[in-house]
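Here the structure comes first, spelled out in structure tokens, and everything after it is commentary.
The values are calculated or read from the model by the stated rules, or taken from the named source; none is laboratory data. Everything quoted here is computed from the prediction, not taken from an experiment. Neighbour counts are summed over all protein chains in view; Cβ atoms, including those assigned to glycine, are modelled from backbone coordinates with ideal geometry. These accessible areas exclude ligands, DNA and RNA; they are computed on the full protein's heavy atoms, side chains included. Shrake-Rupley method; radii C 1.70, N 1.55, O 1.52, S 1.80 Å.
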Amino acid sequence: KVIKAARQLGYKMNSSANEPNALKKWQPTVAFFIPVNSVWMDMNVIHSSINRHRKQTGRDYNILLCPYETGRLTEKIDRVHISAYESAVISIENENDLKELEDRPGNSPFVIYNHSSSKYSSVSYVADEAISQAVKMISAKGCSKILVLSGRDSRQHGDEYFNLFIRCCEENGIKLSKDAFIATENTMIGGAIAARHILN
């Protein structure tokens with residue numbers, strides 16, 4: 001519609017606009033709605049992690065951090081106009097916030113973080129849920145023998161996620177013998193050593 005209108009109006013681009021760097025490439029903006037009083041949230045860590053991801057993937061997008069008070073998510077969403085971003089990742093800790101969000105009319109470009117939603121796409125990084133689901137999948141497939149790759153000191157230092165995995169295996173009837181564990185360093189070389197061990 002814009003191009004059609006420009007043609008109808010006989011619009012000609014300003015010659016200075018053709019100079020290098022005169023026109024910036026359009027970049028999408030991703031908003032991050034984050035509970036400001038969350039014990040595990042650190043805005044600096046989040047911002048630097050997102051920037052690291054942008055560099056690693058070569059993706060170029062703008063970041064809009066939108067901290068909000070728990071229980072006031074929809075109020076914050078209403079204050080940050082939808083035209084300010086193309087999509088948003090929303091971290092929710094409060095069930096009421098999720099319910100209010102799902103009750104809103106329309107279908108905004110939201111991805112819910114660490115909660116399941118019947119209306120919006122969602123992604124989870126709750127480790128204990130991921131571990132439990134992984135073990136249930138292993139059990140459902142009827143695997144009789146599994147090997148566990150771990151850091152060199154996972155068993156000695158009692159890593160909580162590692163211990164949770166072992167407990168879930170026991171609860172689901174998956175027996176882990178001592179030789180089921182392959183301890184290796186978390187590097188490419190460590191991965192190659194582990195692969196050789198598995199193949200042997």
**Q.** residue 9 accessible area, 1.4 Å probe, all protein chains in place, Å² to nearest 10
**A.** 150
Q) So what's the net charge close to residue 92: Lys and Arg +1, Asp and Glu -1, counting the other residues with Cβ under 11 Å from its Cβ? A) -4
**Q.** Most to least accessible of 53, 197, 115 (protein chains only, probe 1.4 Å)
**A.** 197, 53, 115
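Using helices alone, what [θ] at 222 nm do you get for the chain, with -39,500 (n - 2.57) per DSSP H run of 4 or more residues, divided over all residues and rounded to the nearest 500?
Rounded to the nearest 500, it is -11500 deg cm²/dmol.
Name the shape class, rounded, prolate or oblate, that the alpha-carbon gyration tensor gives for the stretch 51-141, where a ≥ b ≥ c are the square roots of its eigenvalues, rounded holds for a/c under 1.5, and otherwise prolate holds if a/b is larger than b/c and oblate otherwise. Display every interim value, and only then the final one.
Working: a/c = 2.25, a/b = 1.32, b/c = 1.70.
Verdict is oblate for the stretch 51-141.
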Q. By accessible area of protein heavy atoms, probe 1.4 Å, what ranking do 86, 170 get, highest first?
A. 170, 86
Q.
Using Cα springs under 10 Å in a Gaussian network model of the chain, which residue among 165, 32, 181 shows the largest mean-square fluctuation?
A. 181
Q.
With θ taken as phi - 60° and the coefficients 6.51, -1.76 and 1.60, list the Karplus ³J(HN,Hα) couplings across the stretch 129-138 in order, rounded to whole Hz; mark glycine and proline as x.
A. 5, 5, 5, 4, 5, 4, 5, 4, 5, 4
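Using the heavy atoms of the protein chains alone and a 1.4 angstrom probe, what is the accessible area of the chain per residue in square angstrom? Don't skip to the answer; put the middle values down first.
On the way: 14460 Å² over 200 residues.
The answer is 72 Å² per residue.
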**Q.** Dipole magnitude of the stretch 58-200, debye to nearest 20 (Cβ charges: Lys/Arg +1, Asp/Glu -1, about Cα centre)
**A.** 720
Q) Counting only protein heavy atoms, what percent of the accessible surface of the chain is carbon or sulfur at a 1.4 Å probe? A) 52
Q: Quick one: accessible surface of residue 74, probe radius 1.4 Å, all protein chains present, in square angstrom to the nearest 10.
A: 20
Q.
Sort 98, 64 by heavy-atom solvent-accessible area, probe 1.4 angstrom, most to least.
A. 64, 98
